[in-house]
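Trainee: Here it is, the structure in full.
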Amino acid sequence: MQNSFTFKIWTSSVRKYLPFFLTSILVIGACSKFRVDDYNPYLYGRVKLGKDLKELQVSIVNRVPTNVPNQVAVASGVIYVPDFEQSLIKAFNSDGDLKFVIGNSKEKQDKVKTYNIKLGRIGLVTVSDGDDIYVQSRISREDAKSDKVAENIYTKKSGEFRTEAEEAVPSVILKINDSGKLSQTIYADGVGGSIPFGYVERMEAGNNDLLFVFHRQNGVMRLSIFDESGKLKQKVEGSDFKDSLNQGEAYTWYVDSFISHPDGEYVLGSFSFYETKSGRFKNRKIIKYELKDKRITPIKEIQDPSETLYWVLNNDNFFIWETEVEEGNSIRLQVHDEDGNHVNNIRLNYPPPRGLWRETWMDTNDEIYSMKIRSGYLEIHKWK
């Protein structure tokens, strides 16, 4: 009888406090789900700015370094820096010592290893896991065709600002193997093609020797995927998503970006919608496009124009970039899972002054880097 009575009291207590217990679990879960992991930069490597071949040669205008890259490629402990002044690729270790040079250097130094490859005006540079180097090599300005790119403030990241549209200069992509030999010349239609790239916004080396190029072709933005032989494997553009984007004449949509998973299995497309009459931003949609079976799946809808698709990680999560205007010296990366659920946040805290910091980028190992210029050095910082 005593045990029965005790059981009834225990059962009554459980019923009484169970709602509070469940509520506490939900609150704790919600706090955990939307926690913020604070990342801070540490100095990964730095390169001296100067006039010597072993330095990054830049122009100084009103005591300000100009013609400096916004980002560099980092692979196997080597920092690949485009030297725009000399049309060279310079490879430094993290201590700033020059390991080798790619291109036709005007200055010859016996102790500097040089791979003599003719480069045009250098654009973007990326390096694969196998240490193959991809260089966007621009054609001479006399052959340039005008390809104006419309300014869209809603696709800009923190610290990025332009007052005029850019003029795209036709280019090809040179693949240089780990022995320093030119192995491929890639056109927009692949190796052996004849159509040069126009405006190239992004170029990334993926897993399995894939190359992803987000560029303008025939007036539309396109993601072109090239295999290890330089063949055009697949291309993705807005028309592939048209059945999921049709909202009648009241709204107009534009392509923000296409970002592939590093394995090349699928692409996330980001599209912005505007009211046709007023031009007012309505929302942004992120849609998944599986390359093998061409299946399309809506993933996420964003109401804030300051939030943009930023990166697709190896574990199928993806980042949304959000500038934190209130704090000024930080940005937030919203972490979403493959179904579009917001599962975490990462805050990048930029030590002031914020104006010294240039581009922030990621590589196929999901590492986050930023660059700044300070005290005559180009500094590469890694976030943890």
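The values are calculated or read from the model by the stated rules, or taken from the named source; none is laboratory data. Note that this is a predicted model, so its numbers are computed, not measured. For neighbour counting, all protein chains shown are included, and Cβ atoms are generated from backbone atoms with ideal geometry for every residue, glycine included. Heavy atoms of the whole protein, side chains included, go into the accessibility calculation; ligands, DNA and RNA do not. Shrake-Rupley method; radii C 1.70, N 1.55, O 1.52, S 1.80 Å.
Trainee: Counting only residues that are over 19 Å from residue 362 (Cβ atoms) and part of a strand (DSSP E or B), how many does region 301-312 have?
Mentor: 2
Trainee: Here's something else I'd like to know. Inside region 192-209, can you point out the residues that are in contact (Cβ under 8 Å) with a residue 12 or more places away in the chain and either open to solvent by less than 10 Å² (accessible area, probe 1.4 Å) or among the hydroxyl-bearing types (Ser, Thr, Tyr) (or both)?
Mentor: 197, 199, 205, 206
Trainee: Condition first: over 19 Å from the mean Cα position of the chain (by Cα), closer than 30 Å to residue 297 by Cα, polar (S, T, N, Q) and modelled with pLDDT of 95 or more. Can you find one or more residues in region 224-234 that meet it? Can you show your working first?
Mentor: Let us first name the residues in region 224-234 that are over 19 Å from the mean Cα position of the chain (by Cα), namely 227-234.
Narrowing further to those that are closer than 30 Å to residue 297 by Cα: 227-228, 230-234.
Imposing the further condition that a residue be polar (S, T, N, Q) reduces the set to 234.
Checking which are modelled with pLDDT of 95 or more leaves us with 234.
Looking for residues that are over 19 Å from the mean Cα position of the chain (by Cα), closer than 30 Å to residue 297 by Cα, polar (S, T, N, Q) and modelled with pLDDT of 95 or more, one finds at least one in region 224-234, hence yes.
Trainee: Something else now. Residues that are over 22 Å from the mean Cα position of the chain (by Cα) and surrounded by 19 or more Cβ atoms within 10 Å (Cβ to Cβ): does region 176-191 have at least one?
Mentor: First, pick out the residues of region 176-191 that are over 22 Å from the mean Cα position of the chain (by Cα): 177-185, 189-191.
Now narrow it down to the ones that are surrounded by 19 or more Cβ atoms within 10 Å (Cβ to Cβ): 184.
The answer is yes, given that some residue of region 176-191 is over 22 Å from the mean Cα position of the chain (by Cα) and surrounded by 19 or more Cβ atoms within 10 Å (Cβ to Cβ).
Trainee: How many of the residues making up region 279-313 are more than 18 Å from the chain's Cα centre (by Cα), aromatic (Phe, Trp, Tyr) and open to solvent by 20 Å² or more (accessible area, probe 1.4 Å)?
Mentor: Summing the residues that are more than 18 Å from the chain's Cα centre (by Cα), aromatic (Phe, Trp, Tyr) and open to solvent by 20 Å² or more (accessible area, probe 1.4 Å) in region 279-313 gives 1.
Trainee: Scan region 105-125 for residues that are open to solvent by 80 Å² or more (accessible area, probe 1.4 Å) and closer than 30 Å to residue 168 by Cβ and jot them down. Break it down stepwise before answering.
Mentor: Going through region 105-125, the residues open to solvent by 80 Å² or more (accessible area, probe 1.4 Å) turn out to be 106, 108, 110-111, 113, 116, 118, 121.
If the condition is that a residue be open to solvent by 80 Å² or more (accessible area, probe 1.4 Å) and closer than 30 Å to residue 168 by Cβ, then 106, 116, 118, 121 are the ones that fit.
Trainee: Something else now. Filter region 356-378 down to the residues that are among the small types (Gly, Ala, Ser) and touching a residue at least 40 places away in the same chain (Cβ under 8 Å), then identify the one that is least open to solvent (accessible area, probe 1.4 Å). Please lay out each step first, then the result.
Mentor: So the first thing to find is which residues in region 356-378 are among the small types (Gly, Ala, Ser), and the list is 370, 375-376.
Narrowing further to those that are touching a residue at least 40 places away in the same chain (Cβ under 8 Å): 370, 376.
Details: 370: 0, 376: 34 Å².
Among those that are among the small types (Gly, Ala, Ser) and touching a residue at least 40 places away in the same chain (Cβ under 8 Å), it is 370.
Trainee: Here is a follow-up. Against the definition (modelled with pLDDT under 95, open to solvent by 60 Å² or more (accessible area, probe 1.4 Å), in a loop (DSSP other than H, G, I, E, B) and in contact with an Asp or Glu (Cβ under 9 Å, 6 or more places away or on another chain)), how does residue 54 come out, yes or no?
Mentor: For residue 54, the condition - modelled with pLDDT under 95, open to solvent by 60 Å² or more (accessible area, probe 1.4 Å), in a loop (DSSP other than H, G, I, E, B) and in contact with an Asp or Glu (Cβ under 9 Å, 6 or more places away or on another chain) - is met.
Trainee: If residue 265 meets every condition in (1) open to solvent by 40 Å² or more (accessible area, probe 1.4 Å); (2) farther than 30 Å from residue 366 by Cβ apart from one, which number is that one?
Mentor: (2)
Trainee: Collect the residues in region 212-234 that are charged (D, E, K, R) and either part of a loop (DSSP other than H, G, I, E, B) or open to solvent by 40 Å² or more (accessible area, probe 1.4 Å) (or both), keeping them in residue-number order. Break it down into steps so the answer makes sense when it comes.
Mentor: Of the residues in region 212-234, the ones charged (D, E, K, R) are 216, 222, 227-228, 231, 233.
Selection gives 216, 227, 228, 231, 233.
Trainee: Condition check: closer than 16 Å to residue 94 by Cβ and without any contact (Cβ under 8 Å) to a residue 40 or more places away in the chain. Does residue 384 satisfy that? So that I can check it myself, show each step before the final result.
Mentor: Details: closer than 16 Å to residue 94 by Cβ: yes; without any contact (Cβ under 8 Å) to a residue 40 or more places away in the chain: no.
No: the conditions fail for residue 384.
Trainee: Would you be able to say whether some residue in region 321-329 is at pLDDT 95 or above and either closer than 30 Å to residue 65 by Cα or among the charged types (D, E, K, R) (or both)?
Mentor: Quick first cut of region 321-329, residues at pLDDT 95 or above only: 321.
Add one more test, that the residue is either closer than 30 Å to residue 65 by Cα or among the charged types (D, E, K, R) (or both), and what stays is 321.
Within region 321-329, one or more residues are at pLDDT 95 or above and either closer than 30 Å to residue 65 by Cα or among the charged types (D, E, K, R) (or both).
Trainee: Go through region 336-384 and tell me which strands (runs of 3 or more DSSP E), entirely inside it, have 2 or more residues that are touching a strand residue (DSSP E or B) at 6+ places or on another chain (Cβ under 8 Å), closer than 21 Å to residue 262 by Cα and of a type in the set (Ser, Thr, Tyr). Walk me through it before giving the result.
Mentor: Values: elements: 342-349, 357-362, 368-374, 377-383.
Result: 368-374.
Trainee: Follow-up. If I filter region 327-355 down to residues being farther than 30 Å from residue 375 by Cβ and of a type in the set (D, E, K, R), which single residue comes out as most open to solvent (accessible area, probe 1.4 Å)? Show your work before the answer.
Mentor: Keep residues of region 327-355 that are farther than 30 Å from residue 375 by Cβ, which gives 334-345.
Those left that are additionally of a type in the set (D, E, K, R): 337-339.
Working: 337: 35, 338: 92, 339: 107 Å².
For region 327-355, the residue satisfying everything is 339.
Trainee: Tally the residues that are of a type outside the set (A, V, I, L, M) and not in a strand (DSSP E or B), restricting the search to region 246-257. Quick ask: steps written out before the conclusion?
Mentor: Applying the first criterion (of a type outside the set (A, V, I, L, M)) to region 246-257 yields 246-249, 251-254, 256-257.
Those still in the list that are not in a strand (DSSP E or B) too: 246-249.
Going through region 246-257 one residue at a time, the tally reaches 4.
Per-residue answers, yes or no, for (1) more than 26 Å from residue 367 (Cβ to Cβ); (2) in a loop (DSSP other than H, G, I, E, B); (3) in contact (Cβ under 8 Å) with a residue 12 or more places away in the chain:
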position	(1), (2), (3)
236	no, no, yes
244	yes, no, yes
259	no, no, yes
270	no, no, yes
278	yes, yes, no
